[in-house]
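Asker: What follows is a single structure, and I will ask about it in a moment.
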Amino acid sequence: MEVAHFPITNWSEDDRPREKLMLKGKNALSDAELIAILIGSGSRNESAVDLSKRILASVDTLNSLGKMSLAQLTNFKGIGEAKAIAIIAALELGRRRRAEDTVELTKITSSKIVFEIMQPIIGELPHEEFWVLFLNNSNKVILKSQLSKGGISGTIVDVRLVFKLALENGATGLILCHNHPSGGLIPSDADKQITKKIKQAGDSLDVKVLDHLIITETKYYSFADEGIL
């Protein structure tokens, strides 16, 4: 049986972003059109694209959309659990891809590169985490490790574990990183004290602490750049 060809004008409005992707490629689609493909369909009174535009209009950036919970997404009329889960999963894959692309044996030549590595990992978290990048003689990242995970009030860092990992992996340099969920970049007294404590331990083991970055969603503070390391 011969299958009739239906031109795009006969496609339902919900299906047209898919057709556009097939004909013009993924780069031709707007954010709303890409989200429309994820959710598949709108409602009787609203297309998937219009629903997606309404969701995007409620946030500042895609990063903000990626922080929304299942409950927050299902508050939008027309978004059930399945559609909300599809959005959350897609944005999480994008975040992991960014993190993966920037880590493997990256050579650290500036604090900006450290920020680009760590921002996708900790920059958007609602709680504080402390990470260490372990570097070889060429200042290339050979390991990144989460040392602690805490509430909004802060974290506790085991200095002995830092250098156990450094020695096991043959690291000659360290870069400390933690996030401030509040968005503030000014180091606290506790931030300064743990930096000093780890630096002193590193000096005795010939493992240099090269920097300590405080990371937020869009900005960072570098102890080395500010001359307080």
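Asker: Would you work out the charge dipole size for the chain about its Cα centre, treating the Cβ of every Lys and Arg as +1 and the Cβ of every Asp and Glu as -1, and quote it to the nearest 20 debye? Display every interim value, and only then the final one.
Answerer: On the way: 28 positive and 29 negative charges, 43 e Å.
Roughly 200 debye, rounded to the nearest 20.
Asker: How much length is gained on full extension from SER204 to ASP225, taking 0.36 nm per residue of separation minus their Cα-Cα distance? Before the final figure, lay out the partial values.
Answerer: Numbers: separation 21, 0.36 × 21 = 7.56 nm, distance 2.34 nm.
Residue separation times 0.36 nm, minus the Cα-Cα distance, leaves 5.2 nm.
Asker: How large is the helix-only mean residue ellipticity at 222 nm for the chain, computed as the sum of -39500 (n - 2.57) over DSSP H runs with n ≥ 4, divided by its residue count, in deg cm²/dmol to the nearest 500? Walk me through the numbers on the way to the answer.
Answerer: On the way: 9 runs with 99 residues, N = 229.
-13000 deg cm²/dmol, from helical runs alone.
Asker: Pull out the extension gain between LYS164 and MET22, defined as 0.36 nm times the separation in residues minus the alpha carbon to alpha carbon distance; nm, one decimal.
Answerer: Extra length available between LYS164 and MET22 comes to 45.9 nm.
Asker: Additional query: The range 111-149 to the range 171-200: how many Å between their Cα centroids?
Answerer: Comparing the Cα centres of the range 111-149 and the range 171-200, I get a distance of 11 Å.
Asker: Report the extension gain between ARG54 and LEU34 in nm, rounded to one decimal, defined as 0.36 nm multiplied by the number of residues separating them, less their alpha carbon distance.
Answerer: Using 0.36 nm per residue and subtracting the Cα-Cα distance, I get 5.8 nm.
Asker: Could you calculate the FRET efficiency of LYS196 with ARG96 from 1/(1 + (r/R0)^6), where r is the beta carbon distance between them and R0 is 35 Å, rounded to 0.05?
Answerer: Numbers: r = 34 Å, r/R0 = 0.97.
FRET efficiency, LYS196 to ARG96: 0.55.
Asker: Moving on. Cα to Cα, under 30 Å, and not fewer than 8 places away if on the same chain: which lysines meet these conditions relative to LYS197?
Answerer: List returned: LYS107, LYS112, LYS140, LYS144, LYS149, LYS164, LYS208, LYS219.
Asker: Only Cα pairs under 8 Å and at least 6 apart count here; give the relative contact order of the range 104-222 as a rounded whole percent.
Answerer: That works out to 30 percent.
Laboratory data are not the source of any read-out in this text; all were calculated from the coordinates shown. Just so it is clear, the model here is predicted, and its values are computed rather than measured. Every residue, glycine as well, gets a Cβ built from its backbone with ideal geometry; the counts of neighbours run over all protein chains shown.
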